[in-house]
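The values are calculated or read from the model by the stated rules, or taken from the named source; none is laboratory data. Keep in mind that this is a model prediction, so the values were computed, not measured. When we count neighbours, we look across all protein chains shown, and the Cβ atoms used for this are built from the backbone with ideal geometry, even at glycine. SASA here: full protein model, heavy atoms, side chains in, ligands and nucleic acids out. Shrake-Rupley method; radii C 1.70, N 1.55, O 1.52, S 1.80 Å.
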Amino acid sequence: MRLQRVVRAFLSVFRSLKIVREERLWSYFVLPGLLSLVLGTALAVGVFYAALALLEWLIVLIPGTMADAALPFLWIIALVQAVFFYFISYRLVTALVVLPFLSPLQDRLEQLQFGQRKETALSADIGNALLGSLRALLQIAGMLLLMLVTLPLGPFQFIPLALYDGYFIGRGVFDMLLERDYPKSAARMQTLKALRPESLGLGLGSLVLLLIPVAGILTAAGFGLIAAFRLHYGDLKVIKNLP
């Protein structure tokens, strides 16, 4: 049953496209999508040059002809680690900058489902944003530790890293979604525990979507929010005659 829930959540990310088209939600993707694209591109370029610098430093430490023989392997290791670090860092950027700008999309989804948006206190929003940022930093620290521990796995290292990162990506989206129902973090934790399979599936779907150049970065956060909304509240009822 848990595996079925993971698969359902994974597929729901890509099924969000149908909702976006039917309800004409593209305008809600403009600002968060552009933020994702600009920050994601800047991050990718920075990680790439950092990986090159690390590679050059490693080559200097290798004596003589061994450096030439090791060069292809160093390139592969540096590239793999750069990709992993890109996804790790992108999650923090999303939590700090992109997700807060998805509030209008969440407002619209609530209008379609319930006829009105849910109100929240500004103090609760600020507190949840700060707490979410702190959690993202701790999760990144855990990811870096996991990267070191799983290095012996070689090409299979991506499996535990993807599971870890995917779970916390999905959890972050559900956490933001549930803030309006449970303003206090302690109250949200119980619901989040029950949504662990959905968090994993949602996060893995978002990771796969991010692999699509440009389009993935533009839509991943928004599609993830729509998928989380439908998984938690059910398919949109779409109350008509709304502005």
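Structure data summary
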read-out: Average projection area in nm² (convex hull over Cα atoms of region 150-230, one quarter of hull surface); value: 6.2
read-out: Bins of 10 Å from zero: percent of alpha-carbon pairs in region 1-40; value: 25, 33, 31, 10
read-out: Net length gained if the chain between Asp181 and Leu137 were fully extended (0.36 nm per residue, minus Cα distance); value: 13.4 nm
read-out: From the C-alpha gyration tensor of region 165-208, square roots of 5λ in Å; value: 19, 10, 7
read-out: Cα-projected label distance for Trp75 with Tyr233, points at 7 Å along beta-carbon direction, nm; value: 5.0
read-out: Gap separating the Cα centres of region 144-179 and region 200-229, nearest whole Å; value: 15
read-out: FRET efficiency for Arg15 and Leu37, using Cβ-Cβ distance with R0 set to 25 Å, rounded to 0.05; value: 0.65
read-out: Packing-based order for 202-215, 29-42, using average beta carbon neighbours within 10 Å, highest first; value: 202-215, 29-42
read-out: By average C-beta atoms within 10 angstrom, highest first, the peptides 226-232, 159-165, 180-186, 6-12; value: 226-232, 6-12, 159-165, 180-186
read-out: Rounded accessible area of Arg108 (nearest 10 Å², 1.4 Å probe); value: 40
read-out: Top positive-direction residue, dipole computed over region 172-213 with Cβ charges, set Gly172, Leu211, Ala186; value: Ala186
read-out: Region 158-216 - charge dipole about Cα centre, Lys and Arg +1 at Cβ, Asp and Glu -1, debye rounded to 20; value: 180
read-out: Label-point gap, in nm, between Phe48 and Thr191 - each point 7 angstrom along Cα→Cβ; value: 4.1
